Amino acid sequence: MTEKNELNNPLRWMALVLLDDPQLPNFDDLTDYAGQHFTELPPITIAGTTDSLLTFSIGEYTAAITLIDKSVPWSQLEGPCATAWYWPTASSELVEHQAHLLVTLVDEGGKTIEKSTLLTLLVTAIIGTAPSCGVFWGPGRLVHPPQAFIDQALQLSAEDLPLFLWVDFRVERVEDGSLCLYTTGLEPLGYSEIEIANFQGQPQTLLEYAYNIAHYQVTQSKPINEGDTLGLTDELQAVAYRRGSMFDKELEVIALEFQAAGE
């Protein structure tokens with residue numbers, strides 16, 4: 001089983017936009033793109049600019065885009081690329097990037113979903129107006145191809161959050177042939193990570209169950225408690241337990257166990 005990585009950067013609300021050429025986005029291009037595609041985005045006001053830094057406000061938040069004229073150390077990207085099942089060519093497409101943008105949203109309080117949404121829309125405006133080869137989403141330690149990131153972000157709504165952009169739903173096969181799943185990225189959103197052990201079935205089915213449960217608790221703002229029963233199909237339900245993580249017993253997670261509906 002893969003050792004679970006934690007985000008080492010203290011900037012919780014951060015993303016990296018990987019570049020083939022070192023170039024800072026044009027602020028007017030960003031605001032034009034945002035205005036055309038995200039009509040509910042708060043006003044964006046420039047605060048300062050240099051050759052390598054843009055600082056601005058988005059509504060009540062402060063954001064910054066910093067151009068770093070060197071690649072992200074491959075040791076930070078190799079693991080996320082290797083486990084990006086939805087992007088099989090991630091390693092080959094990102095290994096030779098030449099520079100990157102550090103995109104940060106200062107954590108000034110407020111709702112976590114609101115901050116994730118604003119950072120997502122900001123990143124989308126960047127990759128929609130400037131050449132890029134990939135995105136590293138900091139809170140979930142995920143890499144994404146630019147167009148797929150844009151496509152999911154453009155569908156974002158309060159009822160349909162892009163959890164696949166924010167949360168790593170990692171499915172692995174264990175020694176006895178069963179599957180396990182664990183998440184990284186729910187905790188920054190204010191919810192416990194989800195873990196499932198010894199699942200007998202198809203990986204895609206397990207992924208769908210975990211995603212639906214995670215999306216339900218985030219969109220409905222209903223934390224899952226000890227002993228809660230969650231219906232999945234007419235024949236199957238999941239029971240939630242608060243337990244220590246399979247990686248760190250001191251970290252409490254939601255452990256889900258499946259059983260026939262009605263038991």
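Here are the numbers for this structure:
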{"read-out": "Region 97-138: number of residues that are in a loop (DSSP other than H, G, I, E, B) and either touching a residue at least 40 places away in the same chain (Cβ under 8 Å) or of a type in the set (Val, Ile, Thr) (or both)", "value": "11"}
{"read-out": "The one condition in (1) exposed (fewer than 15 other Cβ atoms within 10 Å of the Cβ); (2) at pLDDT 95 or above that GLU3 fails to fulfil", "value": "(2)"}
{"read-out": "Positions within region 25-43 being in contact with a strand residue (DSSP E or B) (Cβ under 8 Å, 6 or more places away or on another chain) and either buried (at least 19 other Cβ atoms within 10 Å of the Cβ) or aromatic (Phe, Trp, Tyr) (or both), in sequence order", "value": "PRO25, PHE27, LEU30, ALA34"}
{"read-out": "Filter pass, ASP228 being among the acidic types (Asp, Glu), surrounded by 12 or more Cβ atoms within 10 Å (Cβ to Cβ) and assigned by TED's automatic domain parsing to the domain that holds LEU181", "value": "yes"}
{"read-out": "Identity of the residue in region 187-216, of a type in the set (A, V, I, L, M) and closer than 19 Å to THR120 by Cα, that ends up surrounded by the most Cβ atoms within 10 Å (Cβ to Cβ)", "value": "ALA214"}
{"read-out": "Qualifying residue in region 61-81 (condition: in a loop (DSSP other than H, G, I, E, B), modelled with pLDDT under 95 and in the same structural domain as ILE150 (by TED's automatic domain parsing))", "value": "no"}
{"read-out": "All positions within region 144-167 that are touching a Ser or Thr at 6+ places or on another chain (Cβ under 6 Å) and free of Cβ contacts under 8 Å to residues at least 40 places away in the same chain", "value": "PRO146, ILE150, ALA153"}
{"read-out": "Residue check, ARG141 of a type outside the set (A, V, I, L, M) and either loosely packed, with under 14 Cβ neighbours inside 10 Å or without any contact (Cβ under 8 Å) to a residue 12 or more places away in the chain (or both)", "value": "no"}
{"read-out": "Single residue of region 145-186 satisfying the filter (acidic (Asp, Glu) and touching a Leu at 6+ places or on another chain (Cβ under 9 Å)) that is surrounded by the most Cβ atoms within 10 Å (Cβ to Cβ)", "value": "ASP168"}
{"read-out": "Selection count where residues are farther than 17 Å from TRP13 by Cβ and among the charged types (D, E, K, R), scope region 70-122", "value": "4"}
{"read-out": "Some residue of region 246-255 being touching a strand residue (DSSP E or B) at 6+ places or on another chain (Cβ under 6 Å), over 19 Å from ARG170 (Cα atoms) and not in a strand (DSSP E or B)", "value": "no"}
{"read-out": "The listed residue being closer than 30 Å to VAL95 by Cα and not in a strand (DSSP E or B), out of LEU54, LEU30, LEU18, LEU41", "value": "LEU30"}
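The values are calculated or read from the model by the stated rules, or taken from the named source; none is laboratory data. None of the values given here were measured: they were computed from a predicted structure. Every residue, glycine among them, receives a Cβ derived from its backbone with ideal geometry; neighbour counts consider all protein chains shown.
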